[in-house]
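Everything below concerns the one structure shown next.
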Amino acid sequence: MLGPAATATGASRALPPIVFVSRVPPSGAATGQVPGLGPGGTFAGSGGRLLERSPDGSVRSLVAAGRLFDVADPDVSADGAHVAFSARERSGAPWRVWTVERQRGGLRCVTCDDTLVFGDDADPSWWGDTLLYVSTRGGGRALYDGTPVTQMWARFPDGRRRQLTHEANGVLDPVADSDRRRVLYSRWWFNPWRADATGALARGSAAAESVNVWQVVSARLVRGVDGLLRLDDVRLAAGGTLPRRRGMGVQPAPLAHGGLLAVAARNTGLSPRPGTLALQRFGAPPSPGRRLAGAAIGDDAGDPYTENANLLAPAACAPAALADGRVLCAVDPGGRGDFGLWLLAANGESRAMLLDLPDSWELDPALVPPTARPRTAKLAPRNTTPRHVAIGAPPASTFRYLARDVFAGRGAPARRDGAQLHVYRIASRESVERIGRIAVPRSGRVDVQLPADQPLFEVLTDAAGRALMSAHGPFQVRGFNSGARGSTSRCLGCHLGHSASR
């Protein structure tokens with residue numbers, strides 16, 4: 001038992017137990033990262049402990065001192081009995097997913113026995129008895145900065161594992177939105193290939209790219225016709241607006257009565273460092289986020305107030321929502337590098353420090369459920385693969401790509417006859433290849449089968465192959481689409497490049 005910690009008084013009454021991590025502040029090459037956040041911070045860390053705050057304010061350790069070198073990303077099972085988290089057993093060891101029994105302390109590494117010994121695992125989240133997490137074991141390097149790509153995986157109770165995403169740049173922070181039977185996660189939306197007016201593609205520099213943003217999406221977790229678990233009906237869960245800083249998000253947390261919380265950053269791509277951080281509340285997309293805590297991040301670098309480099313901005317991240325609407329999160333109120341756990345009112349207008357241990361950063365709070373619930377996984381009904389012409393792959397390894405209207409939305413090109421949608425996939429980090437050319441009717445509806453489990457993007461052209469243009473450049477997907485075998489990917493328009501929504 002570590003004993004009582006600095007805590008709020010009246011504001012903290014009636015709180016459930018809270019599992020969190022207490023970590024050594026980053027230094028050296030990791031300076032500017034927040035451990036557990038973004039592509040640079042997820043696997044950064046110089047040591048940490050897995051702790052639990054009791055309702056009376058006392059704090060205890062869930063893992064014996066010295067047993068693990070560093071810890072991150074705790075998530076409590078629905079019955080309150082187990083905590084899943086990521087950890088390094090010693091300095092320099094790979095990150096793996098572990099579980100611990102809250103009451104008896106039984107510790108187990110659940111991804112140490114994998115035959116794929118390379119790579120790192122992080123961000124575990126319970127889905128019934130199954131664990132969702134991200135891992136670099138699928139291989140690949142992000143197109144923006146060459147960092148190892150994190151994909152979402154599932155680890156089943158019998159020990160089997162399955163890769164669920166195949167993104168070009170990576171995903172982070174999966175979390176179960178149990179009430180809606182969906183999974184929330186963040187994906188890195190970035191595509192360096194740009195079409196010119198003739199329709200030709202060229203790979204630009206990362207520095208010149210205007211669409212470089214992390215976004216929160218949601219998906220159903222279903223069993224396909226082959227009986228295997230997969231993601232289906234992937235759609236935008238938050239944001240989808242311009243300017244993009246109001247619509248980005250990582251570390252999503254669903255709210256009990258709709259909407260979600262997510263973290264926005266000054267650097268929307270989070271690489272090489274996130275910059276200032278803010279916690280935002282989102283409604284249904286498309287809509288901008290509303291700041292609850294942290295930095296007031298300007299819509300552009302010329303904002304004379306919010307982008308004042310002479311001021312230290314507060315930071316907020318790692319949200320967890322209580323059933324009554326209050327929000328628990330990590331806050332660095334002075335911007336000086338000292339995160340503690342804070343409790344916010346539902347509207348963000350009042351806040352109180354809950355816990356701040358000396359010489360460490362308190363991060364990643366996870367609430368213990370107030371009542372035990374059985375750990376049953378709820379899956380959407382099994383889908384069957386619709387019958388459409390397959391482009392670039394055998395029908396057995398395709399997904400349905402359904403663009404309801406490529407001419408829809410603000411700034412979209414005028415409807416025309418003879419338009420075409422050119423579909424590309426990555427051949428290497430330096431090249432792409434066209435795998436199909438689809439005739440687009442005047443209605444703008446495209447309904448085809450595309451190769452599954454690989455990143456794809458599309459360019460809209462006229463009948464002669466010239467890219468249809470707007471004031472902001474050619475009409476093309478500015479990130480990548482992908483789909484699991486037998487799944488359906490729906491989108492509307494191609495004007496923002498990320499309008500995967502209902």
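The values are calculated or read from the model by the stated rules, or taken from the named source; none is laboratory data. Note that this is a predicted model, so its numbers are computed, not measured. Counting neighbours? That spans all protein chains shown, and the Cβs are built from the backbone with ideal geometry, glycine included. Accessible surface is based on the protein model in full, side chains and every heavy atom, while ligands, DNA and RNA are left aside. Shrake-Rupley method; radii C 1.70, N 1.55, O 1.52, S 1.80 Å.
General remarks:
- Solvent-accessible area, 1.4 Å probe, carbon plus sulfur percent, for segment 216-260: 54 percent
- Estimated inter-spin distance, residue 408 and residue 160, nm [label 7 Å along Cα→Cβ]: 3.6 nm
- Exposure of residue 447 as accessible area (Å², to 10), given a probe of 1.4 Å and all protein chains: 40 Å²
- Förster radius 30 Å - calculated FRET efficiency between residue 312 and residue 56, Cβ distance, rounded to 0.05: 0.30
- Solvent-accessible surface (1.4 Å probe) assigned to residue 273 amounts to roughly 100 Å².
- Pairwise FRET efficiency - residue 437 versus residue 415, Cβ, R0 = 25 Å, nearest 0.05: 0.85
- When 158, 233 are compared by accessible area at a 1.4 angstrom probe, the order from most to least is 158, 233.
- Computed extension length for residue 101-residue 202: 31.1 nm, one decimal, from 0.36 nm per residue of separation with the Cα-Cα distance subtracted.
- Spacing of the two label points (7 Å from each Cα toward its C-beta) at residue 323 and residue 90, in nm: 4.5 nm
- Given their separation in residues at 0.36 nm each and the Cα-Cα distance between them, residue 24 and residue 350 gain 114.5 nm when the chain is fully extended.
- Site-free segments of the chain were taken between GluC sites (Glu not before Pro) in DSSP loops having at most 15 other Cβ atoms within 10 Å, sites themselves excluded; the longest one is 1-348.
- Relative to the 2.2 N^0.38 Å rule of thumb, segment 144-209 has a C-alpha radius of gyration ratio of 1.54.
- Point-to-point label distance, residue 69-residue 429, nm (Cα→Cβ direction, 7 Å offset): 2.5 nm
- With all protein chains modelled, accessible area of residue 401 [1.4 Å, Å²]: 10 Å²
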